[in-house]
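What follows is calculated from the coordinates using simple rules that are stated; it is not laboratory data. Nothing here was measured: the structure is a model prediction, and the numbers come from that model. Here Cβ is always computed from backbone atoms with ideal geometry, including for glycine, and neighbour counts include all displayed protein chains.
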Amino acid sequence: MKVLISETQIQDRVASLGSEVSATYKALLSDEEPLLVIPVLSGSFVFAADLVRELSVPSEIDFIQLKSYEGSSSSGKVEIVKDIRADLKGRNCLIVEDIVDTGLTASFLLESLGDRKPKSLKLCSFLHKPSREEKKVPIDFLGFSIEDHFVVGYGLDFNGRWRHLKEVVIYEGGQK
Ligand code: IMP
């Protein structure tokens with residue numbers, strides 16, 4: 001499989017993202033009011049684990065897991081199968097996604113978590129495929145913008161496999 005983003009490129013970019021996120025929130029957080037980092041399972045678990053270790057601001061992690069209906073992805077029908085435990089009200093929250101593809105998942109999340117009255121709600125995505133966009137979502141922090149390839153590795157899978165790869169590779173047989 002062809003390497004699209006190498007391990008070193010990922011490490012460098014994630015370190016920079018950590019600095020960007022920290023600089024943005026620096027004045028807003030304290031040990032009493034840490035950043036609530038919300039990684040979206042399962043794809044973002046590797047990225048989130050690296051990202052939080054690059055933060056120089058206080059943070060807490062609370063995972064969310066979604067199910068999107070196969071075959072109707074363009075309808076954007078998404079359901080929460082594992083919710084976060086924390087109360088978002090009045091908190092500074094950061095959603096961490098593996099990839100924004102059509103944008104339907106991220107837009108669902110911004111809307112449904114936004115309804116819970118957080119003090120702020122931002123989106124950090126490791127990857128973005130702008131050419132596939134169906135719904136425009138504001139990505140506040142972005143790792144890499146990529147062409148329309150199906151990719152695996154660094155947490156991203158095809159049928160549950162390849163998440164463990166240290167780099168992002170193009171999976172030729174992947175679904176679009
Ligand atoms: P969206 O709702 O179309 O933006 O898609 C979001 C989800 O689709 C992501 O969180 C991924 O789980 C999955 N996805 C989209 N593109 C890829 C890819 O290239 N590789 C692996 N998973 C992908």
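When +1 charges are put on Lys and Arg Cβ atoms and -1 charges on Asp and Glu Cβ atoms, the dipole computed for region 60-176 relative to its Cα centre reaches about 360 debye.
Would you please give the FRET efficiency between residue 13 and residue 79, computed as 1/(1 + (r/R0)^6) with r the Cβ-Cβ distance and R0 = 30 Å, to the nearest 0.05? The pair residue 13/residue 79 has a calculated efficiency of 0.45.
What you get for region 1-124, charging only the Cβ of Lys and Arg (+1) and of Asp and Glu (-1), is a dipole of about 220 debye around the Cα centre.
Were the residues from residue 23 through residue 147 laid out at 0.36 nm apart, the gain over their Cα-Cα distance would be 41.8 nm. Largest first, the three principal axis extents of the alpha carbons in the chain are 47, 37, 25 Å in whole numbers.
What would the Debye formula give as log10 I(q)/I(0) at q = 0.25, 0.26 Å⁻¹ for the alpha-carbon point model of region 104-162, no solvent? Summing over Cα pairs of region 104-162 leads to -1.14, -1.17. To the nearest 10 degrees, how steep is helix 7-25 against the longest Cα principal axis of the chain, on a 0 to 90 scale? With both axes taken from Cα atoms, the answer is about 30 degrees. Under a Gaussian network description of the chain, with springs only between Cα atoms under 10 Å, the residue in 15, 106, 48 that fluctuates furthest is 15. Within the chain, antiparallel bridges make up roughly 35 percent of the DSSP beta bridges whose residues both belong there.
Computed over region 21-116, the P(r) curve from all C-alpha pair distances, binned at 10 Å from the origin, holds 15, 47, 30, 7, 1 percent per bin. For residue 55, the amide hydrogen comes within under 5 Å of no other amide hydrogen, counting only partners 5 or more places away or on other chains and with H modelled in the peptide plane. Between helix 104-114 and the chain there is an angle of about 10 degrees, using the helix long axis and the longest principal axis of the Cα atoms.
Only helical runs count toward this figure. For the chain, summing -39,500 (n - 2.57) over DSSP H runs of n ≥ 4 and dividing by all residues gives -7000 deg cm²/dmol at 222 nm. Overall, region 101-165 carries a charge dipole of about 300 debye about its Cα centre when +1 sits on the Cβ of Lys and Arg and -1 on the Cβ of Asp and Glu, all other atoms neutral. Using the Cα centre of region 8-162 as origin and beta-carbon charges of +1 (Lys, Arg) and -1 (Asp, Glu), tell me which of 8, 86, 162 is placed farthest towards the positive end of the dipole. Working it through, the farthest residue towards the positive pole turns out to be 86.
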